[in-house]
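These notes are about the structure you will find just below.
The values are calculated or read from the model by the stated rules, or taken from the named source; none is laboratory data. On a predicted model such as this, the values are computed, not experimentally measured, just so you know. Glycine gets a Cβ as well: all are built from the backbone with ideal geometry, and neighbour counts include every protein chain shown. Note: areas computed on protein heavy atoms with side chains; ligands, DNA, RNA excluded. Shrake-Rupley method; radii C 1.70, N 1.55, O 1.52, S 1.80 Å.
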Amino acid sequence: MWILFALASAVGLGLYDVMKKLSLRGNNVLTVLMLNTAIGALLMSPVIVSELVDGNWGLGGDPKGHLLIALKAVIVLGSWISGYFAIKHLPLTIQGPINASRPVLVLVGAVLIFGERLNVLQWTGILLGFASLFFISRLGAKEGFSLRHSRWIWLSATAALLGAVSALYDKYLMEFYKPLEVQAWYSLYQCIIMTATLWLLSRSQRARESSDRFTWRWTIPLIALFLTLADLAYFYSLSIEGSMIAIVSMIRRGSVIVPFLYGILVLGERNAKAKTIDLCILMLSLMLLVLGSA
């Protein structure tokens, strides 16, 4: 059952990436991100309101719990800020597979921290995922997005690293708190932190002059909607006994398929044939992970 929730989360994340690309083209990154966090917090607000009405301050009324969730909000925001700038400037068919590198780091952490063990099919799937990432990195260099020359590639890699840290942290949080509580409170803290950050940056003349103007698009609220649905499925997947963070994380990275196809079929991005081969390798790796976890 936890695999089905992980697959549902992957589909939601794929649609989330497409909405981000459509919202960020020629738009102000931080304003779009702030609105995303605000709408996400609004969607989860009934959970917080119900706890406050019951006289419960959430997370068992433990101040330590709120500090732990606030830390998660900081980690996720760091990943999002890096990732939003990356997806604005990189082709979807390049940024998506780089984002799919998270399971590599999650795997190391899952084995070292949580003592998870993988079987032969799962290891084969992981290795094919590595091959897919190497292949796409070579294609990216041909399009002028190499690690040596592109800061957007570095930002995408930073987003992947922080995302992996967040995934490992989630597995820890699920041992003590309910999924809905975690999602609701971290959405609220994200909104507060992001609003304060944007306010501070708005006071900088240099930041105002160097940033793009903001244009409202109806794809912006869809970012928060698809992310909220994806996160709900993700947290419930982790909360089910026997779930493995390394596998859940890899399946979630299958979300790359949705923006990948959008980039090829709708945006007409380059090297379609070679990138499709890479996509097939990634899909095969995900199939092996699912079979190995059945």
Inset, instruction - Name every residue in the stretch 101-112 that is under 14 Å from the mean Cα position of the chain (by Cα) and modelled with pLDDT of 70 or more, in order of residue number. - result: R102, V106
Legend entry - Cross-chain or 6+ apart pairs with Cβ under 8 Å, the stretch 167-189 first and assigned to a loop (DSSP other than H, G, I, E, B), then open to solvent by 30 Å² or more (accessible area, probe 1.4 Å): M174/S239; Y177/G60; K178/S239
Inset, instruction - Kindly indicate whether L67 is farther than 17 Å from L173 by Cα and open to solvent by 10 Å² or more (accessible area, probe 1.4 Å). - result: no
Inset, instruction - Among residues belonging to the stretch 112-127 that are of a type outside the set (S, T, N, Q) and open to solvent by less than 50 Å² (accessible area, probe 1.4 Å), point out the one that is farthest from N99 (Cα to Cα). - result: G115
Legend entry - Close pairs from the stretch 230-253: first over 12 Å from D170 (Cα atoms) and part of a helix (DSSP H, G or I), partner at pLDDT 80 or above and hydroxyl-bearing (S, T, Y), Cβ under 7 Å, at least 6 apart: A230/S9; A230/Y16; A233/S9; R252/S9; R252/Y234
Inset, instruction - Name the residue, out of L261, L291, that is within 17 Å of L15 (Cβ to Cβ) and part of a helix (DSSP H, G or I). - result: L261
Legend entry - Failed criterion for L267 (all others in (1) part of a helix (DSSP H, G or I); (2) closer than 22 Å to P91 by Cα; (3) open to solvent by 50 Å² or more (accessible area, probe 1.4 Å) hold): (1)
Inset, instruction - Identify, from the list A8, A38, the residue that is on the phi < 0 side of the Ramachandran plot, open to solvent by less than 50 Å² (accessible area, probe 1.4 Å) and in a helix (DSSP H, G or I). - result: A38
Legend entry - the stretch 109-120 residues that are in contact (Cβ under 8 Å) with a residue 24 or more places away in the chain and within 10 Å of L168 (Cβ to Cβ), paired with ones that are part of a loop (DSSP other than H, G, I, E, B) and open to solvent by less than 40 Å² (accessible area, probe 1.4 Å) (beta carbon under 8 Å, 6 or more apart): A110/E116; A110/M244
Legend entry - Checklist (1) within 21 Å of G163 (Cβ to Cβ); (2) modelled with pLDDT of 85 or more; (3) open to solvent by 20 Å² or more (accessible area, probe 1.4 Å) applied to A233, failing item: (3)
